[in-house]
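Colleague: Dropping the structure in here first, questions after.
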Amino acid sequence: MVDATPGRHRFTTHDVQNQPPPLVEYDLFQSDRALNEAVAREGGGWAADGLGDFGRHLGRAETIEWGFQANRNPPVLHGFDRFGQRRDVVEFHPAWHSLMSLAVAAGVHTAPWAEPKPGAHVARAATVHMLCQIEAGVQCPITMTYGVVPALKQQPDLAQHWLPRLYSRRYDPRFLPAEEKSGALMGMGMTEKQGGSDLRANSSRAEPEGAGGPGQAYRLVGHKWFFSAPMCDAFLVLAQAPKGLSCFLLPRWTPDGAPNALRLMRLKDKLGNRANASSEVEFHDALAFLVGEEGRGIPTIIEMATYTRLDCALGSSGLMRQAVAQAIHHAQHRSAFQRKLVDQPLMTGVLADLALESEAATALSLRLARAFDRQDDAGETAFRRLMTPAAKYWICKRGIMLAGEAMEVLGGNGYVEESIMPRIYREMPVNSIWEGSGNIMCLDVLRALQRTPAAADALRAELAPARSADRRLDAFLTRLDSALAAPPDEGQARSLAEMILLAVQGALLVRFAPPAVADGFCASRLDGGRGAAFGTLPAGIDRRAIVERAAPALA
Ligand SMILES: Cc1cc2nc3c(=O)[nH]c(=O)nc-3n(C[C@H](O)[C@H](O)[C@H](O)COP(=O)(O)OP(=O)(O)OC[C@H]3O[C@@H](n4cnc5c(N)ncnc54)[C@H](O)[C@@H]3O)c2cc1C
């Protein structure tokens with residue numbers, strides 16, 4: 001049909017039907033039952049109202065669009081000005097800054113440090129879980145700043161100067177000395193060309209300006225091969241000092257008000273995480289201050305990595321939640337072969353299986369966050385030591401697989417950039433790679449068991465209340481006991497980490513999740529006989545109940 005209005009041609013070929021409404025204007029917190037139950041259970045219930053506000057803000061169409069804009073318009077490096085003078089700055093799209101402002105105002109970067117209280121790390125964990133669903137790149141500087149604080153506290157004079165700035169709820173992106181800004185953020189640089197996992201291979205050199213020692217000034221010469229969020233105000237970096245590998249605080253500006261000699265060489269062209277800038281840098285006699293003792297760089301900075309690894313698990317569990325929410329939402333609104341997709345038996349099974357994985361990841365990462373709240377408790381500290389690398393390994397790995405399957409639920413629409421699914425799919429692997437890749441995490445699980453005898457006790461204490469509740473869990477725990485009793489074997493470290501993680505997830509779900517979820521998890525994850533792909537739950541599982549629980553609700 002042709003519209004005959006003079007000067008206009010409206011050509012109508014069809015009505016658009018059977019396409020779902022966009023998943024916008026919803027509350028990421030209230031509509032995620034696994035999350036809000038976990039927050040209450042793990043000690044963050046007092047934060048529910050604030051988390052609801054944050055969840056609604058994130059779920060607005062405008063905020064969701066910022067995520068798309070920030071990814072469509074990746075950061076640009078300006079190495080030089082037009083006269084050839086060095087600039088070494090990165091320009092971000094305004095949408096990036098809007099998202100960063102939102103995250104900093106909510107305290108995702110440092111709230112548990114600035115306002116410590118029981119459950120503060122759990123409440124913050126929920127904000128990470130939600131934030132990364134809308135845009136995961138911003139999580140990088142936010143997470144690094146969160147992790148820097150405990151490492152920096154090891155050097156009280158530097159901490160006194162920097163922490164008030166890091167605790168500020170105001171995001172200030174200006175390229176100015178931190179002293180002139182209303183808030184600051186920090187990054188970190190460990191990875192060099194010749195080695196990332198093996199930090200002892202670091203070759204950057206640090207020479208003291210005077211006598212040297214904790215808190216004193218040094219000059220750094222060298223490079224970092226991966227250096228994310230280079231517009232942060234300062235960084236913790238590793239370099240070889242006269243007494244060995246040491247940790248330094250390297251500010252972007254020197255105290256005399258000049259840009260520090262940190263040269264941004266180029267930005268990485270990454271698979272995903274595209275809204276965030278990851279750079280290669282060189283230190284040209286850059287000024288830096290020693291944090292902790294010379295030669296103790298790895299223990300100092302590893303304190304930071306414990307926190308960033310928690311965030312990798314949270315980031316992937318959040319991305320899983322978004323992928324599952326999108327998949328269920330689509331299947332609820334799309335029909336094929338005379339039925340809503342969600343009601344097609346085979347699709348109900350795929351969705352239920354995805355939802356189980358997502359709920360198990362959420363329950364576990366929030367449980368782990370509680371251990372960060374209870375650092376006065378030796379059992380919780382030992383639990384954290386063992387479970388942080390195990391959770392990072394397993395949740396990040398499962399997220400990669402889940403993203404591909406959830407994308408397929410949307411059919412062709414899922415493969416198109418306008419849906420968020422390609423972004424989630426590209427984002428997932430980075431959480432597995434950075435902050436210690438899969439094998440490194442599994443070797444760390446072995447190390448924790450060998451060097452921290454309390455770690456196995458903490459695991460047993462965690463599992464004890466779930467014993468005798470489900471025969472499949474009981475049988476699995478018996479197999480786990482045997483695996484833990486066997487001599488450590490590096491070649492089996494992945495299998496052991498997986499078993500530990502599944503046991504804790506199973507125990508949490510058996511104790512706290514609705515029966516359908518616990519039953520589905522035990523039958524498919526602990527009892528064997530399951531296929532390799534998602535959607536192979538054994539018969540008899542209440543798939544519909546699992547999907548209904550995980551469905552996101554529009555406002
Ligand atoms: C987007 C992005 C941003 C990043 N940002 C930062 C940043 O801001 N700061 C920073 O310091 N780093 C950053 N990194 C670097 C990241 O942390 C490292 O890439 C990662 O730790 C792995 O180090 P590598 O690349 O040197 O790989 P390698 O250390 O060479 O490891 C390669 C592979 O070998 C495995 N492996 C290593 N040793 C063993 C072993 N003993 N047994 C079995 N397997 C082993 C690893 O698990 C890995 O799979 C970033 C990386 C990415 C992708």
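Coordinate-derived values only; no laboratory data. Because the structure is a prediction, the values reported are computed rather than measured. Backbone-built Cβ (ideal geometry, glycine too); neighbour counts: all protein chains shown.
Colleague: How big is D for the range 206-337, in µm² s⁻¹ as a whole number, if Stokes-Einstein is applied with the Kirkwood radius of its Cα pairs at 20 °C and 1.002 mPa s?
Modeller: D, rounded to a whole number, is 124 µm²/s.
Colleague: Determine the calculated [θ] at 222 nm for the chain from helices alone, applying -39500 (n - 2.57) to every DSSP H run no shorter than 4 residues and normalising by the residue count; nearest 500 deg cm²/dmol.
Modeller: -16500 deg cm²/dmol
Colleague: Take the alpha carbon atoms of the range 505-555, find their center, do the same for the range 60-75, and report the distance between the two centers in whole angstrom.
Modeller: 33
Colleague: Let me ask another. Report, to one decimal in Å, the Kirkwood hydrodynamic radius for the range 64-164 based on all distinct Cα pairs.
Modeller: It works out to 15.4 Å.
Colleague: Let me ask something additional. Stretched out fully, how many nm does the piece from Asn73 to Arg86 gain, at 0.36 nm a residue minus the Cα gap?
Modeller: Difference between extended and current length: 2.3 nm.
Colleague: How many percent of the alpha carbon pairs in the range 96-151 exceed a separation of 19 Å?
Modeller: Considering the range 96-151, 20 percent of its Cα-Cα pairs are separated by more than 19 Å.
Colleague: Can I ask one more? Consider just the alpha-carbon atoms of the chain and return their Rg together with their Dmax, both in angstrom.
Modeller: 24.3, 86
Colleague: At a temperature of 20 °C and a viscosity of 1.002 mPa s, determine how fast the range 183-247 diffuses translationally according to Stokes-Einstein, using the Kirkwood radius over alpha-carbon pairs as Rh; express D in µm²/s, rounded to the nearest whole number.
Modeller: For these conditions, the coefficient is 172 µm²/s.
Colleague: Further question on the same structure: So who's got an amide H within less than 5 Å of the one on Val291, skipping anything under 5 residues away but keeping other chains? H placed 1.01 Å off N, in plane.
Modeller: When sequence neighbours closer than 5 places are left aside, the close amide H contacts are Gly215, Cys247, Phe248, Leu249.
Colleague: Kindly put Val89, Val350 in sequence by how many other C-beta atoms sit within 10 Å of each C-beta, fewest to most.
Modeller: Exposure proxy ranking, most exposed first: Val89, Val350.
Colleague: Assuming a ≥ b ≥ c are the square roots of the Cα gyration tensor eigenvalues, decide whether the range 317-420 counts as rounded (a/c under 1.5), prolate (otherwise, with a/b larger than b/c) or oblate.
Modeller: prolate
Colleague: Would any residue of the range 491-520 have its amide N under 16 Å from a label point 7 Å out along Cα→Cβ of Ala483? List them or say none.
Modeller: 491-508
Colleague: Let me ask something additional. Report, by chain and number, residues whose modeled amide H sits under 5 Å from the one on Phe534, excluding near sequence neighbours (fewer than 5 apart, same chain).
Modeller: Close amide H contacts, sequence-distant or interchain: none at all.
Colleague: Something else about it: Compute the distribution of all C-alpha to C-alpha distances in the range 107-218, in bins of 5 Å from 0, and list the percent of pairs in each, rounded to whole numbers.
Modeller: 2, 10, 15, 18, 20, 16, 12, 5, 2, 0
Colleague: Of all chymotrypsin sites (Phe, Trp or Tyr not before Pro) in the range 35-140, which ones are in loop regions per DSSP and have a Cβ with at most 16 other Cβ atoms within 10 Å?
Modeller: The qualifying sites are Phe83.
Colleague: Right, something else. For Met144, Met347, Met186, Met387, which order do you get if you count the other beta carbons within 10 Å of each Cβ and list the fewest first?
Modeller: Ranking Met144, Met347, Met186, Met387 by Cβ neighbours within 10 Å, fewest first, gives Met347, Met144, Met387, Met186.
Colleague: Using r as the Cβ-Cβ distance of Gln160 and Glu207, and R0 as 41 Å, what FRET efficiency do you calculate, to the nearest 0.05?
Modeller: Efficiency, from the Cβ-Cβ distance: 0.95.
Colleague: A further question follows. Which GluC sites (Glu not before Pro) in the range 42-129 pass both tests, a DSSP loop state and at most 13 other beta-carbon atoms within 10 Å?
Modeller: none
Colleague: Please list, by residue number, every one of the GluC sites (Glu not before Pro) in the range 369-427 that is coil in DSSP and has at most 13 other beta-carbon atoms within 10 Å.
Modeller: Glu417, Glu418
Colleague: Here's something else I'd like to know. In whole angstrom, note down how far apart the Cα centers of the range 414-434 and the range 230-272 are.
Modeller: Answer, in whole Å: 29.
Colleague: For the pairs Lys270/Lys340; Lys153/Lys181; Lys270/Lys392; Lys117/Lys224, note any where the Cα-Cα span goes beyond 27 Å.
Modeller: Over 27 Å apart, Cα to Cα: Lys270/Lys340; Lys117/Lys224.
Colleague: Classify the range 506-555 as rounded, prolate or oblate from the Cα gyration tensor: take a ≥ b ≥ c as the square roots of its eigenvalues, call it rounded if a/c is under 1.5, otherwise prolate when a/b beats b/c and oblate if not.
Modeller: oblate
Colleague: Turning to a different aspect of this structure: Using each residue's phi in the range 370-384, evaluate 6.51 cos²θ - 1.76 cosθ + 1.60 at θ = phi - 60° and report the 3J(HN,Hα) Karplus result to the nearest Hz, with x for Gly and Pro.
Modeller: Rounded to whole hertz, the list is 4, 5, 6, 7, 10, 6, 7, 10, 4, x, 5, 5, 5, 4, 4.
Colleague: Separate question: Can you put Glu209, Glu282 in order of Cβ neighbours within 10 angstrom, beginning with the fewest?
Modeller: Listing Glu209, Glu282 from fewest to most nearby Cβ atoms yields Glu209, Glu282.
Colleague: Along the Cα-to-C-beta direction of Ile440, a point sits 7 Å from the Cα; which residues of the range 149-167 have their amide N less than 18 Å from that point?
Modeller: 151
Colleague: Also, I was wondering about something else. Taking 8 Å as the Cα distance limit and 6 or more residues as the minimum spacing, I'd like the relative contact order of the chain as a percentage.
Modeller: It rounds to 14 percent for the chain.
Colleague: Would you please give the residues with an amide H less than 5 Å from that of Ser279, counting only those at least 5 places away or on a separate chain, with H modeled from the backbone geometry?
Modeller: Hits under the 5 Å cutoff: Phe227, Ser228, Ala229, Lys268.
Colleague: Three principal axis extents, largest first, for the C-alpha atoms of the range 270-366, in Å?
Modeller: Its Cα atoms span 69, 28, 14 Å along the three principal axes.
Colleague: Rounded, prolate or oblate: which fits the range 445-502 when a ≥ b ≥ c are the square roots of the eigenvalues of the alpha-carbon gyration tensor, with rounded for a/c under 1.5 and prolate only if a/b beats b/c?
Modeller: Oblate.
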